[in-house]
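Engineer: Take a look at this one; I'll ask things after.
The values are calculated or read from the model by the stated rules, or taken from the named source; none is laboratory data. Since the structure is predicted, the reported quantities are computational estimates derived from the model, not experimental observations. Neighbour counts run over all protein chains shown; Cβ positions are idealised from the backbone, glycine included.
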Amino acid sequence: MCIAMNQTPLLYLFAALLIGGICPQTAALTNPEIDTMIAEMTIEEKIGQLIMVGFDGTQANETIETHIRERFVGGIVLFSRNIQSPKQTAELTNQLQQLAESTAHRIPLFIGIDQEGGWVIRLKEGATVLPGNMALGATGSTELAERAGEITAAELAAVGVNLNFAPVMDVNNNPQNPVIGRRSFGGSPELVSRLGVAYIRGLQHNGVLGTAKHFPGHGDTTVDSHFDLPTVNHDRERIHALELQPFRAAIDADVAAIMTAHIVYPAFDPDRPATLSPSILTDVLRKELGFDGLLITDAMEMKAIDDRYRSGEAAVMAIEAGADIVMVLWTLTKQIEVFDALLSAIKSGRISQARLDQSVERILKSKATSAFDRRFVDVDAVGGTVGTDAHKQLAQTIASQAITVVRNRDNLLPLKLEPETSVLILSASSSLFENFKAHHPNTVEASIPEKSETENILPQLTLQIKNADVVIAGIMNNDQAAFIQQMSVATTTPVIVIALGSPYTLQRCPAVSASIATYDIHHASVTAAVDVILGAQEAQGKLPVQLPIED
């Protein structure tokens, strides 16, 4: 039996969920029903739909209950702090949706997540960890990109997530980019467009809304908008030809949502970052590109915004600029401030009722296709979908087809090892050592030093390197690459370097004998790299970015 939640404390909600007391799924709304609902909603209910929040904990708590039942927030964003396992995540999303079910209009929540694959994943333990976008870019395969979207959607939908903040549609053509890098499919707008559209298709045909991000493009920056405000100084012609091309393709593919970037584009607006710019969000995105789907801000507590604007004022400016949903993910006081500021802006007439209704209509229409008729999930069925052998096999296939041999002096690869051949593994990844030793017992391990430790550790490592017949180094950053370069110059022992993260790190160690890009540090990618080194498979990947390396 359904519990009357508006009269029931949160404690009874959890008890009801544990004994299966979840109300039946609500049927999807028709457009006339949406119009009627909007007409009946209070201003506070409408404003709540414009806000997505985050919270601490792995169960619904009083803070999130208050957000949903008193501020009517329309969406929740899950992070690693909220996730322990797929089953627990499904229980949590059911709890959250039951709270939304208790409100007057029973509007289901958007439950969003950053599940890009590779570097940026939230659902990990027990789930399928897919290689990221740049690994897909190295395969060049639209089929694999679409299948990655399908599997991601299947696993997210199984745990109650209906909105994925993916794929990244930024063209990463700047090797110094500190935040996008391997999150991008590559450095070509054509490649990013083709694979991004395939991924979106895989997501949205399997019940999860996709989000193209970060509009109008975060690929050609040297500043991370989490920490400061980047600027992209290109003219309109270049921006339309490169940065905007993947977003145009995503719009043509009916992507459900686009996420804004906290970046200044002086060609369009010299003063305001895109998130707060009517010139960019309304004139360019809505009018020029014809996008009428959901427009969601990136997190408003990122320093690019937070250091320059009060949270409430920034939220009002974002809605004025054309955004539909404002994300305030970390700080309770700022979440309350945003709600109060939007309420004040509506009551004062700064934001018109018509403008408010426009965003609420977009939100409800999106929820009608993704949430109203499937807000709850079967917790007991999660294990049959999430982390299956078939899904893990796809992860291995992507990883294997992505491996790229960037340099191979004197045809060192594949290695021709005799039982007595001594191999030294230098890596921050224990998986690399364990995997290689399983194939070749005469393998020893040493940790790759941090930058501050290099002078103290190098003499000891020099002796180990001298006693080895070949060195295999797995690197994650430029400091490690610089150390490998220093070491390679000082020895005659062949050195093979594996970029377990960004392939751009390989530019920092040109003296090595051979270099490989895996684009990822997860098990599937490490396994595939070892297979290529030992000749168990051929490298099939092609660099999806410009990487000038001379032999």
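Engineer: May I ask you to list the residues in segment 416-430 that are touching a residue at least 40 places away in the same chain (Cβ under 8 Å), farther than 19 Å from Ala539 by Cβ and surrounded by fewer than 20 Cβ atoms within 10 Å (Cβ to Cβ)?
Structural biologist: Passing the criteria: Thr421, Ser422, Ala428.
Engineer: Filter segment 498-513 for residues that are closer than 20 Å to Trp119 by Cα and among the aliphatic types (A, V, I, L, M); which is surrounded by the most Cβ atoms within 10 Å (Cβ to Cβ)? Quick ask: steps written out before the conclusion?
Structural biologist: Here is the first cut: in segment 498-513, the residues closer than 20 Å to Trp119 by Cα are 498-506.
Subset that is among the aliphatic types (A, V, I, L, M): 498-500, 506.
On the way: Ile498: 28, Ala499: 31, Leu500: 27, Leu506: 24.
Ranking the candidates gives Ala499 first.
Engineer: Counting just the residues of segment 385-415 that are of a type outside the set (A, V, I, L, M) and without any contact (Cβ under 8 Å) to a residue 24 or more places away in the chain, which one comes out nearest to Val512 (Cα to Cα)?
Structural biologist: Asn411
Engineer: Listed residues Ala314, Ala395, Ala318, Ala371; which is under 24 Å from the mean Cα position of the chain (by Cα) and not assigned by TED's automatic domain parsing to the domain that holds Val179? Before you say what the answer is, go through the steps one by one.
Structural biologist: Numbers: Ala314 fails: not assigned by TED's automatic domain parsing to the domain that holds Val179; Ala318 fails: not assigned by TED's automatic domain parsing to the domain that holds Val179; Ala371 fails: not assigned by TED's automatic domain parsing to the domain that holds Val179.
Testing whether each residue is under 24 Å from the mean Cα position of the chain (by Cα) and not assigned by TED's automatic domain parsing to the domain that holds Val179 leaves just Ala395.
Engineer: I'd like the residue in segment 385-411 that is over 21 Å from Leu203 (Cα atoms) and not aliphatic (A, V, I, L, M) and, out of all such residues, is surrounded by the most Cβ atoms within 10 Å (Cβ to Cβ).
Structural biologist: Top of the filtered list is Thr404.
Engineer: Check segment 161-168 and report whether any residue there is assigned to a helix (DSSP H, G or I) and touching a residue at least 12 places away in the same chain (Cβ under 8 Å). Give the steps one after another, and end with the answer.
Structural biologist: Pass one, segment 161-168, residues assigned to a helix (DSSP H, G or I): none.
Taking every residue of segment 161-168 in turn, none turns out to be assigned to a helix (DSSP H, G or I) and touching a residue at least 12 places away in the same chain (Cβ under 8 Å).
Engineer: What single numbered condition from (1) surrounded by fewer than 23 Cβ atoms within 10 Å (Cβ to Cβ); (2) in a strand (DSSP E or B) fails to hold for Ile516?
Structural biologist: Among (1) surrounded by fewer than 23 Cβ atoms within 10 Å (Cβ to Cβ); (2) in a strand (DSSP E or B), the lone unmet condition for Ile516 is (1).
Engineer: Another one. Please work out which one of (1) assigned to a strand (DSSP E or B); (2) of a type outside the set (Val, Ile, Thr); (3) within 25 Å of the chain's Cα centre (by Cα) is the condition Ala473 fails and give its number.
Structural biologist: Of (1) assigned to a strand (DSSP E or B); (2) of a type outside the set (Val, Ile, Thr); (3) within 25 Å of the chain's Cα centre (by Cα), only one is false for Ala473: (3).
Engineer: Of the residues Arg310, Arg272, which single one is modelled with pLDDT of 95 or more and charged (D, E, K, R)?
Structural biologist: Numbers: Arg310 fails: modelled with pLDDT of 95 or more.
None of the others qualify; the one that does is Arg272.
Engineer: Additional query: Any residue that is at pLDDT 95 or above and in a loop (DSSP other than H, G, I, E, B) - is there at least one of those in segment 188-200?
Structural biologist: Within segment 188-200 (the criterion being at pLDDT 95 or above and in a loop (DSSP other than H, G, I, E, B)), the answer is yes, since at least one residue qualifies.
Engineer: Moving on. Mind checking whether some residue in segment 104-122 is in contact with a Cys (Cβ under 9 Å, 6 or more places away or on another chain) and in contact (Cβ under 8 Å) with a residue 24 or more places away in the chain?
Structural biologist: Yes, some residue in segment 104-122 is in contact with a Cys (Cβ under 9 Å, 6 or more places away or on another chain) and in contact (Cβ under 8 Å) with a residue 24 or more places away in the chain.
Engineer: Any residue at all in segment 400-413 that is in a helix (DSSP H, G or I), in contact with a strand residue (DSSP E or B) (Cβ under 9 Å, 6 or more places away or on another chain) and aliphatic (A, V, I, L, M)?
Structural biologist: Within segment 400-413, one or more residues are in a helix (DSSP H, G or I), in contact with a strand residue (DSSP E or B) (Cβ under 9 Å, 6 or more places away or on another chain) and aliphatic (A, V, I, L, M).
Engineer: Which residue is nearest to Asp35 (Cα to Cα), if the candidates are limited to segment 366-380 and must be modelled with pLDDT of 95 or more and in contact with a helix residue (DSSP H, G or I) (Cβ under 7 Å, 6 or more places away or on another chain)?
Structural biologist: Filtering first and then ranking leaves Phe376.
Engineer: Kindly provide the set of residues from segment 339-384 that are surrounded by fewer than 18 Cβ atoms within 10 Å (Cβ to Cβ) and outside any helix (DSSP H, G or I), ordered by number.
Structural biologist: Within segment 339-384, Gly349, Arg350, Ser352, Asp373, Arg374, Asp378 meet the criteria.
Engineer: Follow-up. With at pLDDT 95 or above, touching a Pro at 6+ places or on another chain (Cβ under 7 Å) and farther than 18 Å from Val444 by Cβ as the only criterion, which of Ala499, Ala539, Ala517, Ala528 stands out?
Structural biologist: Ala517
Engineer: Give me a count of the residues in segment 341-389 that are closer than 24 Å to Leu294 by Cβ and of a type in the set (Val, Ile, Thr).
Structural biologist: Residues that pass the stated criteria total 6.
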